[in-house]
Amino acid sequence: MKCLAVRTESPVSSIMNSWSTEVLVRKSQEAKEQAYCPYSKFRVGAAVLTSDGTVFTGCNVENACYSAGLCAERTAISKAVSEGHKSFKAIAIASDLEDRFISPCGACRQFMREFGSQWDVYMSKSDGSYKLMTVEELLPCSFGPDDLRKGKNPVGNSKL
Ligand SMILES: [Zn+2]
């Protein structure tokens with residue numbers, strides 16, 4: 001029986017004490033290998049780095065009901081949030097595109113924005129080169145949790 005005081009590494013995450021952009025991009029490339037994309041054949045992987053150095057990865061998960069599919073970025077972030085992480089430093093995104101940096105869709109930009117606008121998004125090409133932008137740069141003039149708190153509607157009083 002395991003001692004409860006010992007924190008075991010989650011099977012869906014890994015700890016990066018001294019992370020590097022290259023490692024994060026590589027992890028997103030590895031996550032891409034798990035992509036379930038029988039319809040688009042467009043593989044995407046993502047690796048999100050939490051403030052405590054934990055990395056969660058995700059891939060796109062498509063569905064026969066197309067709109068029920070989920071992007072890699074939202075898969076990775078949802079895995080992190082479901083494990084108790086809500087503060088992020090960076091996310092790397094990978095695809096098979098050779099000549100373009102993979103860019104997060106609008107829904108994923110808003111999903112990232114929920115957890116702050118001042119964190120880094122590394123958009124990579126298949127060779128591992130990347131372009132860095134912040135969430136703020138990808139989604140300027142955004143709507144976020146603070147906007148609800150400032151409002152006078154009942155939602156403004158809820159715990160967000
Ligand atoms: Zn997306």
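Each value in this text was obtained by applying a stated rule to the coordinates, not by laboratory testing. What you see is a predicted model, and the numbers here were worked out from it, not measured in a lab. Here the Cβ positions follow ideal geometry from the backbone for every residue, glycine too, while neighbour counts run over all protein chains shown.
Extension gain for E114 to E22 (0.36 nm times residue separation, less C-alpha to C-alpha distance): 30.6 nm. Could you estimate the translational diffusion coefficient of region 13-157 from the Stokes-Einstein equation, with Rh from the Kirkwood formula over C-alpha pairs, at 4 °C and 1.567 mPa s, in whole µm²/s? Answer, rounded: 84 µm²/s. Distance between the 7 Å Cα→Cβ label points at Q34 and D127: 2.9 nm. Charge dipole (Cα centre; +1 on Lys/Arg Cβ, -1 on Asp/Glu Cβ; no other charges) of region 13-157 amounts to roughly 320 debye.
Simple spin-label estimate for C105 and S67 gives 1.2 nm between the two label positions (7 Å along the Cα-to-Cβ direction from each Cα).
One decimal place: the segment D96-F42 gains 18.7 nm when fully extended, by the rule 0.36 nm per residue minus the C-alpha distance.
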